[in-house]
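Just below is one structure, and these are the notes that go with it.
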Amino acid sequence: MTGDIFAKCSNPRKELYLDAVAAGYAPFFKEMASESGPTVVHNGRPVIMLGSNNYLGLTSDERVKKAGVDAVERFGSGVTGSRLMNGTLPLHRELEEALLDWLGGDDCLVFTTGYAVNLGVLSTLVGPDDEVFLDSSCHASLADGAKMASGSTAFFRHNSVDSLLKRMRAWRQQSEGGALVAVDTVYSMEGDMAPVRQIADICDEYGARLLVDEAHALGVLGPKGAGLAAETSIQPDLLMGTFSKSLASCGGFLIGPRSVLDWFRIACRPFLFTASGVPAALGAALAAVRIAVEEDWRREAVQARATQLRQGLLDLGFQAGGDPGSPIVPVHIGDDLQAALLWRSLLDHGVYVNCALAPAVSPKRALLRTSVMATHTERHIDDALDVFEVARSSLA
Ligand SMILES: Cc1ncc(COP(=O)(O)O)c(C=O)c1O
């Protein structure tokens, strides 16, 4: 009897998911029939959106939308080729220059997604003799990049400098290869921040290179929204970000030394073997970068709304988390079923949040991930808190 490659698709987890879909309790693939603003239209009615990464509220900004439309008018709907061949536009250069002006650094490369940046960095740099050190809660793109790399991977305990130090020491005693430490600066589910200064010190001490993933920090933290590295005055060897959050578009970028990025230009497979981002995405991202730098009120507003939401949830007795300054406010629930029930009740009463269940989070660590935008008003958050109160009592 030979095995069938499809056999693994008959998985109890899938059956559970399909049962949840049939019962209307699956918190995934919900259609939003409007722009991703502070409220969205779902099932024909407005709901308060607390499940978006549109932190600066720029996806519906007229200047950003117009820049996307103008880019389509000028360059068409797609580039139909990789950046290496026919897919590099003047917009790429302008965007790379705008990112360097904002964030500093020697050289910048725009990728088609942020996911591809992390795959690319790890698979291009971590060779057979090398080690990559990853936080146990790192984004999937870093973990997947480590799988693609030919070197080995050591996971250290989430945000534990001691754990990193222990693994780094043990590795250095038996290897003369190169080391890369890669961390998210703001963790996407928990909304907590990495101790980047201590991590940078360890990298210096052990001759390791440091990659920071600023996906959830850009636009929100640091001077002019330049991220947690800028806020803490560290200089990572490599800095990546995405356009799919504060920058209201789609795509990613990497900043690093020119000597390294010139190698990436001809050797980084997730950069080379995929089509370049569409002109609309590039045009919108460029406009969003310019606005993000200029409009300080947006980061002040997003941080104020996150503080209001976090405090309000704590006052209601929820276990709300996330570090001060982070736009992400997780509500820790624990049990998957309870989380799905609360998620559904919130939606029924007019609030959309993201539901993170195992295996996206560790077993028994289910949470509702909420996040806010600069364009939420105090009233939106107060209304959402009222709904949390109602939904909580409907569970009890
Ligand atoms: C921390 C982090 N890194 C990287 C990515 C990937 O970014 P993109 O959406 O541009 O592929 C994400 C997006 O989910 C993220 O949260």
Notebook entry, point to check: Consider Arg83 against the criteria (1) without any contact (Cβ under 8 Å) to a residue 12 or more places away in the chain; (2) within 30 Å of Gly151 (Cα to Cα); (3) among the basic types (Lys, Arg): it satisfies all of them except one. Which criterion is unmet?
Noted result: (1)
Notebook entry, point to check: Of the conditions (1) open to solvent by less than 30 Å² (accessible area, probe 1.4 Å); (2) more than 16 Å from the ligand (Cβ to nearest atom); (3) within 30 Å of Gly191 (Cα to Cα), Ser152 fails just one. Which one is it?
Noted result: (1)
Note to self: Just checking, does segment 196-204 include any residue being within 16 Å of the ligand (Cβ to nearest atom) and open to solvent by less than 10 Å² (accessible area, probe 1.4 Å)?
What the structure shows: yes
Check: Given (1) open to solvent by less than 30 Å² (accessible area, probe 1.4 Å); (2) outside any loop (DSSP other than H, G, I, E, B); (3) free of Cβ contacts under 8 Å to residues at least 60 places away in the same chain; (4) not charged (D, E, K, R), where does Gly177 come up short, assuming only one miss?
Finding: (2)
Item checked: Qualifying residues in segment 223-251 (those that are in a loop (DSSP other than H, G, I, E, B) and open to solvent by 40 Å² or more (accessible area, probe 1.4 Å)) - the one nearest to the ligand (Cβ to nearest atom) -> Ser244
Next item on the list: Mind listing whichever residues of segment 124-140 are more than 15 Å from the ligand (Cβ to nearest atom) and open to solvent by 10 Å² or more (accessible area, probe 1.4 Å)?
Entry: Thr124, Leu125, Gly127, Pro128, Asp129, Asp130, Glu131
Next item on the list: Return yes or no: is Leu218 touching a residue at least 24 places away in the same chain (Cβ under 8 Å) and under 27 Å from Val372 (Cα atoms)?
Entry: yes
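Could you please find all residues in segment 169-195 being aliphatic (A, V, I, L, M), away from the ligand (no atom under 16 Å from the Cβ) and within 26 Å of the chain's Cα centre (by Cα)?
Once the filter is applied, which keeps residues that are aliphatic (A, V, I, L, M), away from the ligand (no atom under 16 Å from the Cβ) and within 26 Å of the chain's Cα centre (by Cα), segment 169-195 yields only Ala179.
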Next item on the list: Taking the residues in segment 205-218 that are over 24 Å from Val361 (Cα atoms) and open to solvent by less than 30 Å² (accessible area, probe 1.4 Å) as candidates, determine which candidate is nearest to the chain's Cα centre (by Cα).
Entry: Leu210
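Here's the yes/no breakdown for (1) polar (S, T, N, Q); (2) open to solvent by 40 Å² or more (accessible area, probe 1.4 Å):
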site	(1), (2)
Ala7	no, yes
Gly24	no, no
Phe29	no, yes
Asn43	yes, yes
Gly51	no, no
Val69	no, yes
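The values are calculated or read from the model by the stated rules, or taken from the named source; none is laboratory data. All values derive from a computational prediction rather than experimental measurement. Neighbour counts run over all protein chains shown; Cβ positions are idealised from the backbone, glycine included. Each accessible area value is taken on the protein alone, full model and side chains, heavy atoms only, with ligands, DNA and RNA left out. Shrake-Rupley method; radii C 1.70, N 1.55, O 1.52, S 1.80 Å.
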